[in-house]
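Engineer: After the structure tokens below, expect a handful of questions from me.
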Amino acid sequence: ALTAGIVGLPNVGKSTLFNAITQAGALSANYPFATIDPNVGIVEVPDPRLEKLTELVNPKKTVPTAFEFTDIAGIVKGASKGEGLGNQFLSHIRQVDAITHVVRAFEDENITHVSGEVDPIMDIETINLELILADLETVSKRLERVAKMARQKDKDAVAEYAVLEKLKEGLEEETPARAMEFSSDQQKIVKGLHLLTAKPILYVANVSEDEIGEGDNDKVKSIREFAAKENAEVIVVCAKIEAEIAELEGDEKAEFLEDLGIAESGLDQLIKATYNLLGLATYFTAGEQEVRAWTFKEGMTAPQAAGIIHTDFERGFIRAETVSYGDLVDAGTMGAARDRGRVRLEGKEYLVKDGDVIHFRFNV
Ligand code: GDP
């Protein structure tokens, strides 16, 4: 399963946020992929469409879809040249599919900051620099190897050499790979290098409890400016309050949010933004037994998407009886949608779309 790694300097609120994630407590029995690793937290993806489908179909059970956040521990500063914990930090980042970077945007005299003062941009750059240095090493090593082949006019090597040179130049100017421009062919080469700074990233600004629901403070503003340069999104949370919200449900949660003057909890915003960042989307199955949301990766074919439910579904795939969420809601029932000709029989080549409601037909 795809996962996003939570990183940040010490004392910025990572553990508090991660606790809110585990507090929110996805029912792991519903999620067979769930690991028991204490550093992994499963979150359910909030989706109002699921409630609407439940109203329409009235099933025995409704199951949201979920994915994982990984809490990445380890020493940040000096990680790229360090050993032990520093190396561990980098190797954990290597394994995640996206980075959730928590930045401290709250003042609290009682909580010391590693560098003495709260300067979000300096904090971001401290971590980014370690990742950039690690990537520079990867790129330099690869350059040495490819240079020889490029001199022998090997076509692939020549192409890769150009990409590596450009990466090296950019990284030396402290630009992360994700912020550099490459042609689509070049992007494939970049992808193959598995660089840390090529991973999609999202910044989480952790503000204090009395600032949530207020406008952006100066620190948040500066984080937004910085993130804009990388086309990265910023989510504002108060980790401490998120931990409290995570214990509430339904009406209680709604009331609490209203008192705070926010429409959606920071954690819910973070979950949705990360889901998109990972390139994930949702299709639904809607039967009398169960209405359920399933996560698939954008670009998946119908059999691949069926395989997420069960490998047998992929192997024996015949057709995907499909109706879009909007068409189903318009029609009111599956039968009415069928009468209106809105239910399509899709084959092996069909690319599943976000919001498809699917009934798979398969051979066992
Ligand atoms: P980590 O080292 O990044 O995991 O940071 P922690 O989550 O352990 O938080 C460090 C300290 O900051 C703890 O004492 C938290 O209670 C406090 N803290 C975290 N988030 C907030 C917040 O939103 N507001 C305030 N005032 N304190 C916070």
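Any read-out appearing in this document is the output of simple, stated calculations on the displayed coordinates, not a laboratory observation. Note that this is a predicted model, so its numbers are computed, not measured. Cβ coordinates were reconstructed from backbone atoms using ideal geometry, including for glycine residues, and neighbour counts include every protein chain displayed.
Engineer: Can you give the relative contact order of the stretch 248-362 as a percent, counting alpha carbon pairs under 8 Å and 6+ residues apart?
Structural biologist: Taking the mean separation of contacting Cα pairs over the length of the stretch 248-362, I get 29 percent.
Engineer: Under 17 Å from the Cα of residue 168, which aspartates and glutamates turn up, not counting those fewer than eight places away in the same chain?
Structural biologist: 130, 135, 137, 144, 160, 181
Engineer: How far is it, in nm, from the label point at residue 288 to the one at residue 147 when both lie 7 Å from their Cα along the line to the Cβ?
Structural biologist: 7.2 nm
Engineer: Here's another thing I want to ask about it. Please compare each pair in 77/188; 153/188; 14/141; 199/297; 60/253 to a cut-off of 22 Å on the Cα-Cα distance and tell me which ones are over it.
Structural biologist: 77/188; 14/141; 60/253
Engineer: Using a 10 Å cut-off on Cβ atoms, rank the peptides 90-97, 302-309 from the highest mean neighbour count down.
Structural biologist: Numbers: 90-97: 17.0, 302-309: 20.9.
Descending mean neighbour count gives 302-309, 90-97.
Engineer: OK, next. What percent antiparallel are the DSSP beta bridges of the chain, to the nearest 5?
Structural biologist: Antiparallel bridges make up about 50 percent of those DSSP assigns within the chain.
Engineer: Report relative contact order for the stretch 299-362 in percent, whole number only (criteria: Cα-Cα under 8 Å, sequence separation at least 6).
Structural biologist: 49 percent
Engineer: I've got another one for you. Give me the one-decimal nm value for the distance between modelled label points at residue 107 and residue 169, 7 Å along each residue's Cα-to-Cβ direction.
Structural biologist: 4.4 nm
Engineer: Taking R0 as 30 Å, what's the FRET efficiency between residue 248 and residue 298 from their Cβ-Cβ distance, rounded to 0.05?
Structural biologist: 0.40
Engineer: Within a 10 angstrom radius of the beta carbon, how do 242, 346 rank from fewest other beta carbons to most?
Structural biologist: Arranged by neighbour count, lowest to highest, 242, 346 become 346, 242.
Engineer: Under a 10 Å cutoff between Cα atoms, tell me which one of 15, 324, 183 has the largest fluctuation in the Gaussian network model of the chain.
Structural biologist: With Cα springs under 10 Å in the chain, the top fluctuation among 15, 324, 183 is at 183.
Engineer: Let me ask something additional. List the lysines whose alpha-carbon lies under 16 Å from that of residue 221, not counting same-chain residues fewer than 8 positions away?
Structural biologist: 229
Engineer: A further question on this structure: Among 168, 61, 219, which one shows the biggest mean-square fluctuation in a GNM of the chain, springs joining Cα atoms closer than 10 Å?
Structural biologist: So, out of 168, 61, 219, the one fluctuating most is 61.
Engineer: Another one. For residue 81 and residue 52 in the same chain, what is the full-extension length gain: residue separation times 0.36 nm, less their Cα-Cα distance, in nm? Walk me through the numbers before you get to the answer.
Structural biologist: Working: separation 29, 0.36 × 29 = 10.44 nm, distance 5.22 nm.
The span from residue 81 to residue 52 would gain 5.2 nm if fully extended.
Engineer: With a 10 Å cut-off between alpha carbons and a GNM built on the chain, which of 63, 102, 146 moves the most?
Structural biologist: 146
Engineer: Compute the FRET efficiency between residue 11 and residue 121 as 1/(1 + (r/R0)^6), taking r as their Cβ-Cβ distance and R0 = 22 Å, and round to the nearest 0.05.
Structural biologist: Details: r = 17 Å, r/R0 = 0.77.
Computed FRET efficiency for residue 11 and residue 121 comes out at 0.85.
Engineer: For 122, 300, what's the fewest-to-most ordering of other Cβ within 10 Å of each Cβ?
Structural biologist: On the way: 122 11, 300 17.
The fewest-first ordering by Cβ neighbours comes to 122, 300.
Engineer: Quickly work out the residue 255-to-residue 319 label distance, labels modelled 7 Å from Cα along the C-beta direction, and quote it in nm with one decimal.
Structural biologist: 5.1 nm
Engineer: Among 260, 131, 53, 277, rank each residue by its count of other Cβ atoms within 10 Å, from fewest to most, as a rough exposure measure.
Structural biologist: 260, 277, 53, 131
Engineer: Here is a further query. Determine the distance separating the Cα centre of the stretch 336-364 from the Cα centre of the stretch 284-327; give it in Å without decimals.
Structural biologist: Between the Cα centres of the stretch 336-364 and the stretch 284-327 lies a distance of 8 Å.
Engineer: Another one. Under the classification rounded if a/c is under 1.5, otherwise prolate if a/b is larger than b/c and oblate if not, where does the chain fall, given a ≥ b ≥ c as square roots of the Cα gyration tensor eigenvalues?
Structural biologist: Oblate shape, in that a/c is at least 1.5 and b/c is the bigger or equal ratio.
Engineer: Which residue, 194, 206, 227, has the largest displacement toward the positive end of the dipole of the stretch 183-227 when charges sit on each Cβ (Lys, Arg +1; Asp, Glu -1)?
Structural biologist: It is 194.
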